[in-house]
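The block underneath contains the structure these notes are about, expressed in structure tokens.
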Amino acid sequence: MHLSRKIHILLVSLFVAIIVGGLVAIKVGNEQKTAKRRNKAFSSITDTSSLMPFTGKGPEVCEEIPFSIVSVFVEVYGVDFQNSLLKVSSVFLPCGSFVGSFDSMELFLGQNISFSIDAQASTFPAGQAMTPKLSSVYLNGDVNNYPLDQFDAIFMIRGRYGPTNSELPIQVVVYGAPLGYSLSVETTANQQNTAVAVSVSLRRTAPILGFAFIIMALMWAMSLLAVAVAYFTWFIKKDRKSELPYIIFSVTLLFAMPTIRNAMPNAPPIGVLADQMVTGWAMLLLSLSVISHFVNVLYHTYRDWVVATEHGDAV
């Protein structure tokens, strides 16, 4: 008995250690993946021969960029799949002749600059700093395939400057780690580096897919268990009517199933592929199980009344 107690304590301790270790591993792994994705940048510059060299005095942040160019750092930070929008933020860094003046805090433009990201335009007057901008671009994809849905976005970035509205040489750096998605980016610039096409592909991350499929499997398992209990009451315990715990079990699962379904990470409204493959069937099976239990209760209640009547015991 004493040895058995020690074994139980050991098993419980091991179980708790596995759970805690797994949670810590997931947390650390996600932090490392996020840092890796954020540090993974996709630059549009492939040929610098068309750029104008700059040898004058410039801000310290531009020391490694010896050209007259404006760098655009585009972060993909959000996905609005319901409105088919990809959310991006843009930070601008002018260097070379485009910097009019600077101090330890800000860079101020030497001439007017305008930018267009997809169909959204921004203008920065000379003598002012280039403030970050938030934009939304069209996102192509079908959320109805959740959790196997995929999204793609293609948008153009261009710039103009000066009184003649000349084409602006730009460098576009794209990065990001939107919640629940893995990011794949391709940037393509023209020979003059004045126009950049950005192609973004988004897929659900492995943890999102894993949790979604686990929840879907649990929904199937609970529904099939409810059907098994209903079958048991009819064909195994033929002479006894459904017991109250069986009925409570099925009814509780029936009303809890939508909540369990909504626990799938980043899940869209009901009606997607996961619902067609799991939720709808689960609700159907649970509804049939509940009906089966009530029919069973009515059947046995009626049969008991008939038996009582035949023996003259009915009230």
Principal-axis tilt of helix 2-39 within the chain, Cα atoms, nearest 10 degrees: 30 degrees
If exposed means trypsin sites (Lys or Arg not before Pro) lying in a DSSP loop and surrounded by at most 15 other beta carbons within 10 Å, then the longest stretch of the chain lacking such sites spans residues 58-236
Calculate I(q)/I(0) for segment 160-256 by the Debye formula, one identical point scatterer on each C-alpha and no solvent, and give its log10 at q = 0.11, 0.12, 0.19, 0.22 Å⁻¹ to two decimals. -0.61, -0.66, -0.96, -1.08
Most fluctuating of 176, 58, 21 in the GNM of the chain (C-alpha, under 10 Å) is 21
Label-point separation (nm) for residue 8 and residue 142, each offset 7 Å from Cα along Cα-to-Cβ? 5.5 nm
Say each of residue 123 and residue 20 gets a label point 7 Å from the Cα, pointing the same way as Cα to Cβ; how far apart are those two points in nm? 6.2 nm
Total lysine pairs whose alpha carbons fall under 23 Å of each other in the chain (8 or more apart, or interchain): 7
Plugging the Cβ-Cβ distance of residue 52 and residue 203 into 1/(1 + (r/R0)^6) at R0 = 45 Å yields, to the nearest 0.05, a FRET efficiency of 0.70
For segment 225-265 and segment 54-96, what is the separation of their C-alpha centers, rounded to whole Å? 57 Å
May I ask you to derive the FRET efficiency for residue 188 and residue 241 from their Cβ-Cβ distance with R0 = 45 Å, giving the value to the nearest 0.05? 0.05
Choice from 227, 137, 16 showing the highest fluctuation, given a GNM over the chain with Cα pairs closer than 10 Å: 16
For P(r) over Cα pairs in 20 Å bins from 0, in percent, with candidates [x] 23, 34, 23, 14, 5, 1; [y] 33, 54, 12, 0; [z] 31, 60, 8, the value calculated from the shown model is option [x]
Taking every eigenvalue of the Cα gyration tensor of segment 179-315, multiplying by 5 and rooting it, what semi-axes result, largest first, whole Å? 56, 11, 9
In nm, what is the difference between 0.36 nm times the number of residues separating residue 231 and residue 304 and their Cα-Cα distance? 24.2 nm
Work out which GluC sites (Glu not before Pro) in the chain are exposed loop sites (DSSP not H, G, I, E or B, at most 10 other Cβ within 10 Å) and give the longest gap free of them. 65-315
I'd like the antiparallel share, as a percent to the nearest 5, of DSSP beta bridges with both residues in segment 40-204. 90 percent
Rg to Rh for segment 221-284: what is it, with Cα atoms only and Rh by Kirkwood? 1.09
Difference of contour (0.36 nm per residue) and Cα-Cα distance, residue 291 to residue 114: 57.1 nm
What angle, in degrees between 0 and 90 and rounded to the nearest 10, separates the Cα long axis of helix 244-262 from the longest principal axis of the Cα atoms of the chain? 10 degrees
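Since every read-out is calculated from the coordinates, none of them should be taken as a lab result. Source: prediction; values computed, not measured. Glycine gets a Cβ as well: all are built from the backbone with ideal geometry, and neighbour counts include every protein chain shown.
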